[in-house]
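In what follows, a single structure is set out as structure tokens and then discussed.
Just so you know, all these numbers are worked out from the coordinates, no wet-lab data involved. Remember, predicted model here, so these are calculated numbers, not experimental data. Cβ sites come from the backbone with ideal geometry, for glycine too, and all protein chains shown count toward neighbours.
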Amino acid sequence: MVERETWISRAGFIFAAVGSAVGLGNIWRFPWLTAQNGGSAFLLVYLIIVLGVGVPGLLASFVIGRRSKRNPVGAFKSLGGGRVWTALGGLCVVTSIVLISFYTVVGGWILRYLLESFTGAYFTQPAAHFDSIAFGTQAFFYQVVFLLVTVVVVMAGVRKGIEATTKLMTPAIILLLGGLAVWAFYQPDTASGYEFYLAFDVQYLADNFIAVLGAAAGQALFTLSIGSGTMLTYASYLEEDRSLPADGSIIALLNLGVGVLAGLVVFPLLFSFVGEPTGGGTGALFVSIAGAFATLPGGRLIGGLFFFTILLAALSSSISMLEIPVAYLVDEFDYDRPQATGGLFALVLGAGAINAFDSNVFEIVAGPIVNQLLTLGLIGFMLYTAWILGDEAVEEFTKGGGTIARTVGVPWRYTVGTILPLFLLFSFYTNVISLLGISLPPVAVVGLTVLTGLPVTGSLFQAGRPNND
Ligand code: PHE
């Protein structure tokens, strides 16, 4: 068996992990969520959730990955705990395929818009143009090209592929976005854009607190790439001498910074050149912003740079998604990397085609399915860390860290074992209930959460660490 790879440097790991985190979630989803949910007031709630739920969850993923030095399935198998937990690893592999199958569709759109920024193809009628290219054969074609680039990087390995490329891509994304934000600042009539984005609307927050909490929690998981096994797998290539809490906090803060920065590019531009945007979501990026480039002096160049930046961000994320099933096949079945990657290319192509051809499937997959899969995955990681790994988790958490890591280790274990999974379960139920179109008062959802969540947590707590079966 070939020796398992590790990252060359700490910076290499951080760039790869930030590259995974920074993606469409930051550039496309985050600014809109902020603008629609109370601006900078939402930012504050979001910051608390990222630090209070996201970072502890990220650290649970890191602990499992570095302790086991395996892909998600191998991790739970080798660390022990029984079949249910190995199945959780299997869920991660499934989640990763689901993620790539929709993400590469959007990656394809971005690739196309990058090229079309130079020809001006989307300039005259942005909305009609987007509608005509979003789904179908052409969408599939660009999806395949985007996927191929991802495959080539992952095939080259952890060091020569992932680390080598993300070390360039991640700083480039930050610099380019920073440059675009400065440039946007000097455009005329941008004040209302900043105001729309960063207005401090506490009233909105207060009136819609539960809904906002759910949205912020879902976004926190997606943007930090947690609950899918990506961060677990990346941490499995780490050596022991690094502080997980320090690296985790750096990654989360950089990711947050890029989200804020993206908003500082998008909104001033929109308001300066188009006026009040009509909707968020997919259309925002490909219709409203694209429309802004059409009217902008030098719009082809700026548009090209903008879509190039997003392309880098999307690629460094899709690379991290593909690494999960690749690591699984390499670790568990001894496939060599090119074989594993090639095989998965075919599989993802099949799953991806369904999303590229059917907009209804795409919308369900990209939104609710992914959200719920990530939430379930992270609940599992947290409970496993706290109750199955237990003391071992705290030991892994503090290894390579200083006084702070040693002080927060034990409190971290108990929060990821109790309150945080309950919070995630609550957000899971809230989403399911609203998807089913039922309306229940928040108290009822809290009741449901406590009734179903407490027995599970309680019995895990009592069982302590069972023998491997
Ligand atoms: N964090 C990525 C983004 O914001 C998406 C992602 C989710 C990547 C889960 C890997 C795993 O675009």
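Odds and ends about this structure:
- For residue 115, the test of being over 16 Å from the mean Cα position of the chain (by Cα), under 25 Å from residue 311 (Cβ atoms) and in a helix (DSSP H, G or I) is passed.
- Candidates 312, 305, 296, 344, filtered to the one that is under 26 Å from residue 162 (Cβ atoms) and either in contact with a Ser or Thr (Cβ under 7 Å, 6 or more places away or on another chain) or away from the ligand (no atom under 16 Å from the Cβ) (or both): 305
- The listed residue being surrounded by fewer than 22 Cβ atoms within 10 Å (Cβ to Cβ), hydrophobic (A, V, I, L, M, F, W, C) and more than 25 Å from residue 150 (Cα to Cα), out of 211, 292: 211
- Put simply, of 107, 23, 65, 39 the only residue that is more than 15 Å from the ligand (Cβ to nearest atom) and touching a residue at least 40 places away in the same chain (Cβ under 8 Å) is 39.
- The range 224-251 - residue that is among the β-branched types (Val, Ile, Thr) and in contact with a Leu (Cβ under 8 Å, 6 or more places away or on another chain) and, of those, farthest from the ligand (Cβ to nearest atom): 251
- Residue match in the range 84-98 (condition: more than 16 Å from the ligand (Cβ to nearest atom) and not in a helix (DSSP H, G or I)): no
- Residues of the range 42-62 satisfying the condition of being within 16 Å of the ligand (Cβ to nearest atom) and small (Gly, Ala, Ser): 54, 57, 60, 61
- Failed criterion for residue 439 (all others in (1) within 16 Å of the ligand (Cβ to nearest atom); (2) outside any helix (DSSP H, G or I); (3) not acidic (Asp, Glu) hold): (1)
- On inspection, residue 398 qualifies as over 21 Å from residue 84 (Cβ atoms), free of Cβ contacts under 8 Å to residues at least 12 places away in the same chain and crowded, with 21+ Cβ neighbours inside 10 Å.
- Subset of the range 118-128 [surrounded by fewer than 19 Cβ atoms within 10 Å (Cβ to Cβ), in a helix (DSSP H, G or I) and either in contact (Cβ under 8 Å) with a residue 12 or more places away in the chain or of a type in the set (Asp, Glu) (or both)]: 118, 127
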